[in-house]
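Chemist: Okay, here's the structure, questions in a sec.
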Amino acid sequence: MRLVLLGAPGSGKGTQATCLKTELGVPHISTGDMLRAAVAAGTAMGLKAKAVMDAGQLVSDDILLGMLGERLTHDDAKAGFILDGYPRNLAQADALDHLLAKIDQPLDAVVKLDVPNEVIISRCEIRFKAEGRADDNPDTVRKRLAIYAEQTAPVADFYARRGKLQVVDGVGELSEVTARVKRALQDRSAAVHG
Ligand code: B4P
């Protein structure tokens, strides 16, 4: 299963990927986690990315594509993956298409988690108080939501035009949302395989 989870920052992509990865038997590849690991390791790329992330902006497409291309060569990704946080703009969506065509591993499904902005702001505020992630402070979350609306929302249309997009209500108990995503994947599989 090669799955992309789309959704605004704080919509629960990472949370749902963690719930789904064992069941689907594929790794959870989060570009946000990879960038935070690079920041924590103090690499040159991490230091460059930190300021951008703390300000709620997107890190450069070149850095992301290099990082993701390398990650997809790992053995565990041969069986598929749940991609969380990528693509975040149309250039990244295009780059992903080319990358996957080159390794002959097209996407099976794209699921978007739909969550209203006010719910997102309150979720991130809770995490900000608990974990102190700089990009979770309410002003930065609003900035991230604006960037999402401008740059990432068109990615959903990109996949809708290819007949790959499914939209799932991301509000509710974690297990409820997981069940909705699983149902969407089953529907998709039934539609493709009959
Ligand atoms: P991410 O790490 O991707 O952002 P995130 O806000 O953590 O998103 P996610 O949707 O995974 O939310 P989560 O499950 O954690 O990106 C961080 C930054 O990295 C970006 O701003 C950017 O700078 C950079 N970056 C990453 N990818 C990039 C790319 N491709 N290009 C350029 N830059 C990139 O959930 C959020 C909170 O809600 C959690 O506290 C969770 O517990 C809670 N929650 C989840 N589901 C819930 C539910 N059903 N009910 C109640 N609470 C819930």
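The values are calculated or read from the model by the stated rules, or taken from the named source; none is laboratory data. Quick caveat, the model's predicted, so the values are computed rather than measured. Cβ: placed from backbone, ideal geometry, glycine included. Neighbour counts: every protein chain shown.
Chemist: Tell me, please, whether a residue that is in a loop (DSSP other than H, G, I, E, B) and closer than 22 Å to LEU35 by Cβ can be found in region 66-73.
Modeler: Taking region 66-73 and keeping what is in a loop (DSSP other than H, G, I, E, B), we get 72-73.
With closer than 22 Å to LEU35 by Cβ added as a condition, the list becomes 72-73.
Yes, because at least one residue in region 66-73 is in a loop (DSSP other than H, G, I, E, B) and closer than 22 Å to LEU35 by Cβ.
Chemist: Also: Give region 96-118 a look and list any residue that's within 14 Å of the ligand (Cβ to nearest atom) and either within 18 Å of ALA153 (Cβ to Cβ) or in a loop (DSSP other than H, G, I, E, B) (or both), or say none.
Modeler: First, the residues of region 96-118 that are within 14 Å of the ligand (Cβ to nearest atom): 96, 99, 111-118.
Passing the criteria: LEU96, VAL111, LYS112, LEU113, ASP114, VAL115, PRO116, ASN117, GLU118.
Chemist: Those residues that are assigned to a helix (DSSP H, G or I), of a type outside the set (A, V, I, L, M, F, W, C) and within 14 Å of the ligand (Cβ to nearest atom), I need them from region 155-185; list them, please.
Modeler: Within region 155-185, SER175, GLU176, THR178, ARG180 meet the criteria.
Chemist: Looking at VAL115, VAL141, can you tell me which residue is closer than 16 Å to LYS13 by Cβ, at pLDDT 95 or above and out of contact with any Cys (no Cβ under 8 Å at 6 or more places or on another chain)? Spell out the reasoning first.
Modeler: Working: VAL141 fails: out of contact with any Cys (no Cβ under 8 Å at 6 or more places or on another chain).
Being closer than 16 Å to LYS13 by Cβ, at pLDDT 95 or above and out of contact with any Cys (no Cβ under 8 Å at 6 or more places or on another chain) holds for just one of VAL115, VAL141, which is VAL115.
Chemist: Could you check region 11-66 and list, in sequence order, the residues that are of a type in the set (Val, Ile, Thr) and either more than 8 Å from the ligand (Cβ to nearest atom) or out of contact with any Gly (no Cβ under 7 Å at 6 or more places or on another chain) (or both)?
Modeler: From region 11-66, those of a type in the set (Val, Ile, Thr) are 15, 18, 22, 26, 29, 31, 39, 43, 52, 59, 63; that's our starting set.
Of everything in region 11-66, those that are of a type in the set (Val, Ile, Thr) and either more than 8 Å from the ligand (Cβ to nearest atom) or out of contact with any Gly (no Cβ under 7 Å at 6 or more places or on another chain) (or both) turn out to be THR15, THR18, THR22, VAL26, ILE29, VAL39, THR43, VAL52, VAL59, ILE63.
Chemist: With farther than 19 Å from VAL4 by Cβ, among the basic types (Lys, Arg) and either surrounded by fewer than 16 Cβ atoms within 10 Å (Cβ to Cβ) or in contact with a His (Cβ under 9 Å, 6 or more places away or on another chain) (or both) as the only criterion, which of ARG183, ARG142, ARG161 stands out? Walk me through it before giving the result.
Modeler: On the way: ARG183 fails: farther than 19 Å from VAL4 by Cβ; ARG161 fails: farther than 19 Å from VAL4 by Cβ.
Only one candidate passes the filter, namely ARG142.
Chemist: Scan GLU131, GLU118 and give me the residue that is more than 18 Å from the chain's Cα centre (by Cα) and under 21 Å from MET53 (Cβ atoms).
Modeler: Values: GLU118 fails: under 21 Å from MET53 (Cβ atoms).
Exactly one residue qualifies, and that residue is GLU131.
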